[in-house]
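So the structure is just underneath, and the comments pick up after that.
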Amino acid sequence: MRVLKNNQPKNESDEALLKSYLKTGNMETLGELYSRYLHLVYGVCLKYFADRDKSQDAVIDIFEKMVNDVERFEIKTVKGWLYVITKNHCLMELRKESTDRKRTDKFLSSEFMESTSQLHPIDEPDASDKEKPLHDCIEKLKTEQRKCISLFYFENKCYKEIAHKLKTSEQKVKSGIQNGKRNLKNCIENEK
């Protein structure tokens, strides 16, 4: 029979190890308790994440959570409690990933902001040939379109910032940019 450094035999019950940890704060005792259910924790993580590396990282995170939370709860069965905190950890991580993915998708979608590198005529390979006609055509735009185009492309402002600065709605800003781009394209083509 292997004996832990705190002189507790390895075959003690979960409850006895938990009581001992709560009394002494000995991390080896808690580690022994956690190692009994390491396969359970890893298996649950693997079920939710379907990724070995992410599951291994989660096993470490869950042990840290166990260290922080074990004294706060009245734990009747260690196995059941570990299962619940593992499941909750996995669900929270998946929810966080989903939220992050939605934010990224929203940021990259055309509803939020257009990609200036694809839409700005000055960014095209032969930009130096179009710079003078571009500036001439910008001056020919209606005032609102000219302001929206200048703020969006030259000052890198988003719709919300432009709307605030021009004291108008984001929809009018988007419309001003779209109409301004169309008018610029027509103007530049006519200048050729």
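No lab work stands behind these numbers, since they all come straight from the coordinates. Everything numeric here is computed off the predicted structure, so don't read it as measured data. With ideal geometry, Cβ positions are generated from the backbone for all residues, glycine too; neighbour counts draw on all protein chains shown.
The local environment of Val78, defined by Cβ-Cβ distances under 10 Å, has a net charge of +1 under the rule Lys, Arg +1 and Asp, Glu -1. Given R0 = 25 Å, the distance between the Cβ atoms of Ser169 and Thr99 translates into a calculated FRET efficiency of 0.40. Between Lys140 and Asn26, the modelled label-to-label distance comes to 8.7 nm, taking each label 7 Å out from Cα in the direction of the beta carbon.
Of the cross-linked pairs Lys23/Lys96; Lys102/Lys157; Lys87/Lys160; Lys102/Lys132; Lys47/Lys157, those separated by over 32 Å at the C-alpha level are Lys23/Lys96; Lys87/Lys160; Lys102/Lys132; Lys47/Lys157. Taking every alpha-carbon pair within region 37-108, the share separated by more than 15 Å comes to 56 percent.
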